[in-house]
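All remarks here apply to the structure that follows.
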Amino acid sequence: MIFSQFIVFSPFVNSLIWLEGTLLSQSVRINPWFYPISEVVHILGLAILTGSTALFDLRLLGYGKFLSVKKTADFLLPLAHLGFFLVVLSGTFLFLNDPRALMNNTAFQIKILLILLAGINAFVFHVRNLKCAEIEIKEFSSVKAAAICSIFLWIAIIALGRFVAYI
């Protein structure tokens, strides 16, 4: 396990035990509808987030040149933000169902690392490139590299989300 030494760190384990005992965590486990509804919202949020992100990344890779990068961003980024909100909200409820088991799951640990990398990739792209992305990208550039990384990261994140149940 990637974080096995961190997970056995007593204050961290105590925090997870405390988290499992909270009213919200207990509600997630006790209510028979809470977890399945959270899963549906998670999948909906993933579809919105990854769909809008993939479309934007494809535009950065040169598809849909008849659309300006700025207008594409203006249309798709609010959708990505909505999807991200739904994923974080529902993911929190899914995590609260069994935090200790998830934190000991290798697939979950890698998924969280890749989510952080995807966030860093998006942040760096938006800080460095979005203002100048209107210039047509004719050769391989940092913009195209960020788009390719984004696509592969989100594919891996979704796959690892499925692996959590089986590893």
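The values are calculated or read from the model by the stated rules, or taken from the named source; none is laboratory data. Since this is a predicted model, take the numbers as computed values, not measurements. Neighbour counts are summed over all protein chains in view; Cβ atoms, including those assigned to glycine, are modelled from backbone coordinates with ideal geometry.
A few comments on the model shown:
- Considering (1) more than 18 Å from Leu153 (Cβ to Cβ); (2) surrounded by 15 or more Cβ atoms within 10 Å (Cβ to Cβ), the lone condition that Gln109 does not fulfil carries the number (1).
- Lone qualifier among Leu116, Leu46, Leu96 - being surrounded by fewer than 12 Cβ atoms within 10 Å (Cβ to Cβ) and in a helix (DSSP H, G or I): Leu116
- A count restricted to region 57-77 and to residues that are exposed (fewer than 12 other Cβ atoms within 10 Å of the Cβ) and without any contact (Cβ under 8 Å) to a residue 60 or more places away in the chain stands at 4.
- In region 14-34, of all residues being closer than 21 Å to Val87 by Cβ and of a type in the set (Gly, Ala, Ser), the one that is farthest from the chain's Cα centre (by Cα) corresponds to Ser27.
- Within region 119-135, tally of residues that are modelled with pLDDT of 80 or more and either among the acidic types (Asp, Glu) or part of a loop (DSSP other than H, G, I, E, B) (or both): 0
- Counted residues, region 35-54 - those being without any contact (Cβ under 8 Å) to a residue 60 or more places away in the chain, over 13 Å from the mean Cα position of the chain (by Cα) and over 12 Å from Leu82 (Cα atoms): 5
- If the condition is being exposed (fewer than 11 other Cβ atoms within 10 Å of the Cβ) and assigned to a helix (DSSP H, G or I), then region 26-39 contributes Ile30, Pro36.
- Of all residues in region 144-167, those that are touching a residue at least 24 places away in the same chain (Cβ under 8 Å) have Cβ atoms under 7 Å from Cβ atoms of residues that are surrounded by 16 or more Cβ atoms within 10 Å (Cβ to Cβ) and of a type in the set (Val, Ile, Thr), 6 or more apart or on another chain, in Lys144/Ile137; Ser150/Thr53; Trp154/Thr50; Trp154/Thr53; Ile157/Ile115; Ile158/Thr50; Leu160/Ile110.
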